[in-house]
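Worksheet: one structure, shown below.
The values are calculated or read from the model by the stated rules, or taken from the named source; none is laboratory data. Bear in mind that the values here come from a model prediction, so they are computed numbers and not experimental data. Cβ coordinates were reconstructed from backbone atoms using ideal geometry, including for glycine residues, and neighbour counts include every protein chain displayed. Side chains are part of the model used for accessible areas, which takes the heavy atoms of the whole protein and leaves out ligands, DNA and RNA. Shrake-Rupley method; radii C 1.70, N 1.55, O 1.52, S 1.80 Å.
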Amino acid sequence: DGGITQSPKYLFRKEGQNVTLSCEQNLNHDAMYWYRQDPGQGLRLIYYSQIVNDFQKGDIAEGYSVSREKKESFPLTVTSAQKNPTAFYLCASSISGTGGIKNIQYFGAGTRLSVL
Amino acid sequence: GNSVTQMEGPVTLSEEAFLTINCTYTATGYPSLFWYVQYPGEGLQLLLKATKADDKGSNKGFEATYRKETTSFHLEKGSVQVSDSAVYFCALSDNYGQNFVFGPGTRLSVLP
């Protein structure tokens, strides 16, 4: 079955520690996205990538970093510079970033990050 | 820039009641419009879509019509079930590639 896999489902971070959230897709999509969702809130875009080896900052990129070395993979690192990392993180992908229905985003099940 | 506005929640209904969740948008050109649903602790799932004016998207008893004259895409269901309790997000995608915009979400609770 095609889809987007996020791991782990739950993650705990100690103060000063960097943690990496995994996102893998087998949909052959070019574009991938990371969102942050706080309790009772909507989605905020952290980073997105429209093609391998290229990515762009979203609305709240500070304290986060990404890489896109393979089409299937778009890992997100939450660095120690992110002072309030507790949130639900959602990864998504779309056929491309060229607009219209090609932008339909398909989501993973999410990773819940908490601070110890 | 592009934006999506949704009615504030939470919305609480009894089972078998009629549901409307309002959504209006601001965008240049002719965006595609979507409704997503998020069940507790899960990611978002695409519920339905419409790509041009007067299109009606429908799925699982839900439907929404793309109204360009009122820039709206209201979600409706004739008879809700307890299992419909979730957060519903309206979204748009413009035709220029850079924007996929989500509304703030509306939480629906259906009571037995």
Checklist entry - Got a number for the accessible area of residue B:30? Probe 1.4 Å, square angstrom, nearest 10. => result 140 Å²
Checklist entry - In peptide B:100-109, how many Cβ atoms from other protein chains are near each Cβ within 10 Å, on average? => result 3
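Give a quick list of GluC sites (Glu not before Pro) in the stretch A:15-105 that DSSP marks as loop, anything other than H, G, I, E or B, with at most 12 other Cβ atoms within 10 Å. Don't skip to the answer; put the middle values down first.
Details: sites: A:15, A:24, A:62, A:69, A:72; in loops: A:15, A:62, A:69, A:72.
Counting only loop positions with at most 12 other Cβ atoms within 10 Å, the GluC sites (Glu not before Pro) in the stretch A:15-105 are A:15, A:62, A:69.
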Item to check | Inter-chain shielding of A:64-73 (mean C-beta neighbours from other protein chains, 10 Å cut-off) | outcome: 0
Checklist entry - If amide H atoms are built 1.01 Å from N in the plane of the peptide, which residues on other chains or at least 5 residues away come under 5 Å of the amide H of residue B:9? => result B:107
Next on the checklist: Check which residues have an amide H placed less than 5 Å from residue B:23's amide H, if you skip close sequence neighbours.
Outcome noted: B:73, B:74, B:75
Checklist entry - Of the cross-linked pairs A:83/B:60; A:57/B:77; A:14/B:49; A:102/B:68, which ones have a Cα-Cα span greater than 31 Å in the structure shown? => result A:83/B:60; A:57/B:77; A:14/B:49
Item to check | Once exposed loop trypsin sites (Lys or Arg not before Pro) are cut out (DSSP; at most 15 other Cβ, 10 Å), longest piece of chain B | outcome: B:1-51
Checklist entry - Scaled to the compact-protein estimate 2.2 N^0.38 Å, what is the alpha-carbon radius of gyration of chain A, rounded to two decimal places? => result 1.00
Item to check | Per-residue SASA entry for residue B:110, accessible area with 1.4 Å probe, Å² rounded to 10 | outcome: 10 Å²
Checklist entry - In Å, what is the Rg of the alpha-carbon atoms in chain B, and how long is Dmax? => result 13.5, 44
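Please find the FRET efficiency linking residue A:9 to residue B:17, where r is the Cβ-Cβ separation and R0 is fixed at 25 Å, and quote it to the nearest 0.05. Write down the numbers at each step before the final one.
Details: r = 34 Å, r/R0 = 1.35.
For residue A:9 and residue B:17, the calculated efficiency is 0.15.
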Checklist outcome for this item: Output for the stretch A:1-78: trypsin sites (Lys or Arg not before Pro) sitting in coil per DSSP, at most 11 other Cβ within 10 Å, listed by number, reads A:9, A:14
